[in-house]
Amino acid sequence: MRERLFLGFVYVFLIIFALICFIPFWIVLINSFANETLIQTSGYQLFPTSFSLDAYTMLLSGNQVFRSYGVTLFVTVTGTVLGVLLTASFAYVLSHPKVKYRHVLSFLTFFTMLFGAGLVGFYILIANWLGLKDSLWALVLPYLLNPFYAFILVSYYRSLPYELNEAATVDGANDIRIFIRVIWPISLPVIATVALFYALQYWNDWYLSLLFIDNYKLHPLQMMIRQLMSNLNAMSYVGGSQTDYNIVVPTYGMQLAIVCITIGPIVFVYPFVQKYFIKGMTLGSVKG
Amino acid sequence: MRRNKGGVNGFIHEIVKNRYLYVLALPGILFLLIFAYTPMVGHLLAFQNYRLSDGLFGSEWVGFRNFEFFFGSKDWLRVTWNTVFLNGLFLVFGLGSAVVLAVLLNEVTGKWFKKTAQSFVFLPYFISWLVVSMMVQTMFSSTEGMMNQAFTSLGFEGVDWYLTPSVWPSILTFVYVWKVAGYNSIIFLASITGISSEYYESAKLEGASRFQQIIYITLPLLRPIIIIMTLLGIGRIFYGDFGMIYAIIGDVGVLFPTTDVIDTYAYRALRQMGNFSMSSAIILYQSFMGLIVVIFFNWLARKVDPNSRLF
């Protein structure tokens, strides 16, 4: 009897926790389709009581959302591809027993996790020395090597049998060929996990664009959310037709609609990729 | 350690011998040099009266004046306290909820239910803090928010949440738990799965209830990983979560007394006041404190339990 009661408590707790996690998504979604005046008069709704596409129509009638989508896509794809290539090859060298200086390199990588350069040095480097202000590269380059992901890969490479390497060496292949032909293919599941982590990071980042992008034409989606949340003149930002004073500008609706547009792809692929993240984290928590 | 061919010759020999591997590492090494180590020069600005037009080498050196100014103001104590206090809350409640979640998820026998529940609690990890900030607004906006709607329908008066600093440590903690509990629970769930089932079987033979099994088997065996996670958290206790705080609080000055952390303070010094040197001094102070804390707690962990140290 007490066992049943305990189990009952477990299920109830988990259901409530899961609901709390889900409800904000639900509220954002249904209110993005709500009538603007309804939100203004009676607040955000928990259940749909009206239906309107105004927010989406207005958002999609301008250029900004398409521009921002393009920026986010470019940054995510470029960043993920370059980041994975750089991290996977660098981590391979860190894990390779033949490399004499691998400990030095590992320490140099690890040390950046303990003692960072900080905002000011970083800002001056990107904005002044590299001159990347208002450049999309400022959104891509700084995240190319994440020490944490590198060490996930290092601990995976170390678990591979060294004979793989030796057999290929006997065949006369050099280390770059071994990496591309032998190591990369069998590491693909882990590399895919790291790629997903990078993609998520690039898709969700707004710190870099906050620091380095002033030109609104280069705003990624995340910055568009921020602008719509704080911008009083949402219409001119979204870039729709001439301001028409007879219509209600769906300020709230557009804020929620841009959120839905931004997280849509993530929520859509989430069921398929979730297991890779879990695998990556399980790997990462094994101390290397 | 065997010393073969000393110095420069040994170095060149090694590079030539493993040239293909070093070529593979080259992009990573360049990245570290350019994006991680070069900007450390920025810490020097803390000792300057930096002006953009004069540059790093032309600006006037002022010794510790920026630090004197920062520590002379009341701000430093406030932002330091807020950073440590909020991070402490995040650490305790973040890990606590993740452990509870992992333990309870492990008790679930139905595979479908377990997977579904896990998918839901993991979902908030995947969205940005700006999106979270929007969701917080749908809850706490004083006129349209769900909280005040609930309050008024129950006959209470609504609260101007965004004008009330005292409630924000709790709200931020709740939001933090909401976002990361599912993510962190995966780490704990993985180590629970690794526990040998023999322990549980013999406990069952002894007549231990499920609850007793959690208290006497699962939690003690999770201890090492909990310690490591706590150490990682403490190591970052001086680093405020800029992405989170600035997305949710932004420039709402009324809320600064309880929510302004070192990172947001330094950001405003840089971007809104254009005071590079002041910002740099604050960040150097932060990095320095952070380093001391990491080294101290790693030393402590080594003493208490050699297996749970970080490095």
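The values are calculated or read from the model by the stated rules, or taken from the named source; none is laboratory data. What you see is a predicted model; the values in this text were computed from it and never measured. Using ideal geometry, Cβ is built from the backbone for each residue, glycine included, and neighbour counts are taken over all protein chains shown. The area values use the complete protein model at the heavy-atom level, side chains included, leaving out ligands, DNA and RNA. Shrake-Rupley method; radii C 1.70, N 1.55, O 1.52, S 1.80 Å.
Rounded, prolate or oblate for region A:1-144? Axes are the square roots of the Cα gyration tensor eigenvalues, ordered a ≥ b ≥ c, and the cut-off for rounded is a/c under 1.5. It is oblate, given that a/c is not under 1.5 and a/b is not larger than b/c. The solvent-accessible area of residue A:270, taken with every protein chain present and a 1.4 Å probe, is close to 20 Å². Going by Cα centres, region B:126-183 and region B:97-125 are how many Å apart? After rounding, the separation between the Cα centres reads 24 Å.
Over region B:53-308, with the other protein chains present, what is the accessible area per residue in square angstrom, probe 1.4 angstrom?
Numbers: 11870 Å² over 256 residues.
Accessible area per residue, region B:53-308: 46 Å².
Ranking B:191, A:213, B:149 by how far each Cα lies toward the positive end of the dipole of the protein assembly as shown (charges on Cβ) leaves B:191 at the top.
Expressed as a whole number of Å, what is the distance separating the alpha-carbon centroids of region A:23-46 and region B:14-85? If we compute the Cα centre of each part, the gap is 45 Å.
Taking a ≥ b ≥ c as the square roots of the Cα gyration tensor eigenvalues, region B:53-308 comes out oblate, since a/c reaches at least 1.5 and a/b does not exceed b/c. Estimated from helices alone, the mean residue ellipticity of chain A at 222 nm is -22500 deg cm²/dmol (sum of -39500 (n - 2.57) over DSSP H runs with n ≥ 4, per residue).
On a per residue basis, chain A carries 46 Å² of accessible surface, using protein heavy atoms and a 1.4 Å probe.
What is the magnitude of the charge dipole of chain A about its Cα centre, with +1 placed on the Cβ of each Lys and Arg, -1 on the Cβ of each Asp and Glu, and no other charges, expressed in debye to the nearest 20? It would help to have the intermediate numbers written out before the result.
Numbers: 15 positive and 11 negative charges, 161 e Å.
The dipole magnitude comes to about 780 debye.
For the residues of A:106-118, the average number of beta carbons from a partner chain within 10 Å of their own beta carbon is 6. For the protein assembly as shown, the share of accessible area belonging to carbon and sulfur comes to 67 percent (1.4 Å probe, ligands and nucleic acids excluded). Would you mind classifying chain A by shape? Square roots of the alpha carbon gyration tensor eigenvalues, ordered a ≥ b ≥ c; an a/c under 1.5 is rounded, otherwise it is prolate if a/b is larger than b/c and oblate if not. Because a/c hits 1.5 or more and a/b fails to exceed b/c, chain A counts as oblate. Extension gain, residue B:195 to residue B:164, is 6.5 nm, computed as 0.36 nm per intervening residue step minus the present C-alpha separation. Dividing the helix sum by the residues of chain B, where each DSSP H run of 4 or more adds -39500 (n - 2.57), gives a mean residue ellipticity at 222 nm of -21000 deg cm²/dmol. With K and R counted +1 and D and E -1, the other residues having a Cβ less than 13 Å from that of residue A:36 yield a net charge of -2. Take each residue in A:122-130, count the other chain C-beta atoms within 10 Å of its C-beta, and the mean is 5.
Hey, what did region B:34-138 get for relative contact order, percent, Cα under 8 Å, at least 6 apart?
Working: 29 pairs, mean separation 12.8, N = 105.
About 12 percent, as a whole number.
The charge dipole of region B:53-308, taken about its Cα centre with unit charges on the Cβ of Lys, Arg, Asp and Glu (plus for the first two, minus for the last two), comes to roughly 580 debye.
Quick one: net charge around residue A:254, please, counting Lys, Arg +1 and Asp, Glu -1 for every other residue with C-beta under 11 Å from its C-beta.
Details: positive: none; negative: A:36, A:54.
Net charge around residue A:254: -2.
Amide H to amide H distances under 5 Å link residue B:48 with B:62, where only residues 5 or more positions off or on other chains count and H is placed in the peptide plane. A simple rule links phi to the HN-Hα coupling: the Karplus curve 6.51 cos²θ - 1.76 cosθ + 1.60 with θ = phi - 60°, which for region A:46-62 gives 8, 10, x, 10, 8, 9, 8, 9, 3, 4, 5, 4, 5, 5, 7, 7, x Hz, with x for Gly and Pro. GNM on chain A, alpha-carbon springs under 10 angstrom: the most fluctuating residue among A:112, A:76, A:193 is A:112. Contact order, relative form, for region A:78-157: 56 percent (alpha carbon pairs under 8 Å, 6 or more residues apart, mean separation divided by residue count).
Farthest towards the positive end of the charge dipole of region B:53-308, among the residues B:296, B:136, B:214, is the Cα of B:214, using unit charges on the Cβ of Lys, Arg, Asp and Glu. When only alpha carbons are used to place a centre, region A:159-216 and region B:194-253 end up 30 Å from one another. Think of the protein assembly as shown as a dipole: +1 on every Lys or Arg Cβ, -1 on every Asp or Glu Cβ, centred on the Cα centre; then among B:267, B:27, A:71, B:27 lies furthest on the positive end.
Taking label points 7 Å from Cα along the Cα-to-Cβ direction, residue A:7 and residue B:204 give a separation of 1.1 nm.
When only Cα pairs under 8 Å and 6 or more residues apart are kept, what is the percent relative contact order across region B:168-311?
About 25 percent, as a whole number.
Please report, in debye to the nearest 20, how large the charge dipole of the protein assembly as shown is about its Cα centre when each Lys and Arg carries +1 at its beta carbon and each Asp and Glu carries -1 there. Don't skip to the answer; put the middle values down first.
Values: 37 positive and 28 negative charges, 406 e Å.
Approximately 1940 debye in magnitude.
Summing Lys and Arg as +1 and Asp and Glu as -1 over all other residues whose Cβ lies under 13 Å from the Cβ of residue B:168 gives a net charge of -2.
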